[in-house]
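Working notes, beginning with the structure itself.
The values are calculated or read from the model by the stated rules, or taken from the named source; none is laboratory data. Predicted model, so just to flag it, every value in this text is computed and none were measured. Methodologically, a virtual Cβ is constructed for each residue, glycine included, from the backbone with ideal geometry; neighbour enumeration extends over all protein chains shown.
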Amino acid sequence: GYLFFPINANVLIPQATVVSGTSITVSSISGKPDDWAKGGELVRFAAANGSHERRSILSQIGTALIIDVPFPTNDLLQVNEYVQVWRGCGKSIDNCKDDFDNVLNFGGYPNLPKSNIFGPFGSGIRSI
């Protein structure tokens with residue numbers, strides 16, 4: 001069967017304009033900041049077998065997406081084929097609050113200390 005997704009500000013339904021292995025250009029996501037889709041998903045509406053296929057988005061710069069696994073060679077994603085681009089999660093409490101309004105379901109540790117007071121100097125998590 002088909003899966004139906006709610007349409008909201010975090011999902012776009014663009015057309016793929018350039019496809020090459022794990023690199024996909026989707027011109028209709030122009031204007032979104034870099035890494036807006038990183039960690040999100042690209043969903044192909046209907047593959048040759050009638051199902052939906054999902055790929056994780058590893059990076060997004062401008063309109064260029066890099067996905068984790070190419071589509072099968074016998075059923076390649078075609079130029080102008082419709083896809084869904086699901087926004088990625090930055091995995092921070094601020095991202096969860098400001099972008100998704102979903103702090104209640106945040107699964108991280110926002111108050112984790114940045115350094116280990118029991119370990120040698122320089123151990124622990126460092127901000128970059």
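Against the condition at pLDDT 90 or above and in a loop (DSSP other than H, G, I, E, B), how does Lys38 come out, does it pass?
The answer is yes for Lys38.
Taking segment 45-93 as the search range and keeping residues that are loosely packed, with under 14 Cβ neighbours inside 10 Å and either touching a helix residue (DSSP H, G or I) at 6+ places or on another chain (Cβ under 6 Å) or not in a loop (DSSP other than H, G, I, E, B) (or both), which one is modelled with the highest pLDDT?
Of the residues in segment 45-93, the ones loosely packed, with under 14 Cβ neighbours inside 10 Å are 46, 48-51, 61, 68-69, 72-75, 78-80, 82, 91-92.
Next, from what is left, pick out any that are either touching a helix residue (DSSP H, G or I) at 6+ places or on another chain (Cβ under 6 Å) or not in a loop (DSSP other than H, G, I, E, B) (or both): 48, 61, 73-75, 82.
Numbers: Ala48: 60, Ile61: 94, Thr73: 63, Asn74: 64, Asp75: 70, Tyr82: 79.
Residue satisfying both the conditions and the ranking: Ile61.
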